[in-house]
Amino acid sequence: MIHEAVRTTLISATDVSDVIGTKVFPAIAPQGTELPYITYQIISNNADQHMSGASGLQETRIQLNCWSASYAEVQNLAEAVRESLLPMSGTINSTLICGVTSEGKRDTYEKPQSGEEVGVYGVSEDFNIWFK
């Protein structure tokens, strides 16, 4: 599955794993997870079609969200994520990666919750990944 290939790529990238270890989670992080970490969600998944039917190629748009208590750290983490995913190709976890593009990123901030002193800075970036 494509999300497994993305997770493997991220935790194998030293610039990413030095910051988060293996803290890459689908949708939301488990309660109590210490910052920083990454969450991801599949935005869309489309099978490529042509006149003869399915080509076997799929395109998935995946959103990766980096979270940290520090604006500088989350920006550096997001850049490390981008640099590890854009050149992703070849077979990873039995998924053949054919190409990756970025669809842009955006900053976010979540206000402190229930007595916490600081909020959480975030960077979200969408990637289109073509694979078989």
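Every number in this text was worked out from the coordinates using simple rules, so none of it is lab data. All values reported here derive from a predicted model rather than from experimental measurement. All Cβ positions, glycine included, derive from the backbone under ideal geometry; neighbour counts span all protein chains shown.
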Next item on the list: Mind checking which of 109, 55, 14 is farthest towards the positive end of the chain's charge dipole, using Cβ charges of +1 (Lys, Arg) and -1 (Asp, Glu) about the Cα centre?
Entry: 55
Item checked: Residue-averaged 222 nm ellipticity for the chain, from DSSP H runs of 4+ at -39500 (n - 2.57), nearest 500 -> -7500 deg cm²/dmol
Next item on the list: Name the residues whose placed amide hydrogens come within less than 5 Å of the amide hydrogen of residue 37, ignoring near sequence neighbours (fewer than 5 apart) on the same chain.
Entry: 67
Checklist line | Sites residue 42 and residue 17 - FRET efficiency at Förster radius 22 Å, r taken between beta-carbons, to 0.05 | finding: 0.50
Next item on the list: Could you run the Karplus curve 6.51 cos²θ - 1.76 cosθ + 1.60 with θ = phi - 60° over the stretch 3-19 and give me ³J(HN,Hα) per residue in whole Hz, x for Gly and Pro?
Entry: 5, 5, 5, 5, 4, 4, 4, 5, 6, 8, 7, 4, 5, 8, 5, 5, 8
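Highest mean first, what order results for 73-79, 84-90 on Cβ atoms within 10 Å?
On the way: 73-79: 19.1, 84-90: 15.3.
By packing density, highest mean first, the sequence is 73-79, 84-90.
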Next item on the list: For the chain, find the longest principal axis of its Cα atoms and tell me its angle to the long axis of helix 71-85, 0 to 90°, nearest 10.
Entry: 20 degrees
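When you count, for each residue, the other Cβ atoms within 10 Å and take the mean per peptide, how do 3-15, 58-70 rank with the highest first? Walk me through the numbers before you get to the answer.
Values: 3-15: 17.2, 58-70: 19.2.
In decreasing order of mean packing, 3-15, 58-70 become 58-70, 3-15.
Net charge within 11 Å of residue 123 by Cβ-Cβ distance, Lys/Arg positive one each and Asp/Glu negative one each, not counting residue 123 itself? Each step should come with its number before you reach the end.
On the way: positive: 82, 105, 106; negative: 73, 79, 107, 125.
Cβ neighbours under 11 Å give a net charge of -1.
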Next item on the list: Could you pull out every residue, at least 5 positions away or on a different chain, whose amide H is within less than 5 Å of the one on residue 29? Hs are placed 1.01 Å off N in the peptide plane, and Pro or chain starts have none.
Entry: none
Next item on the list: Run a plain Debye calculation on the stretch 1-94 (Cα atoms as equal point scatterers, no solvent) and give log10 I(q)/I(0) at q = 0.11, 0.15, 0.20 Å⁻¹, rounded to two decimals, same order as the q list.
Entry: -0.36, -0.62, -0.98
Checklist line | Mean Cβ neighbour count within 10 Å, used as a protection proxy, ranking 21-27, 118-124 highest first | finding: 118-124, 21-27
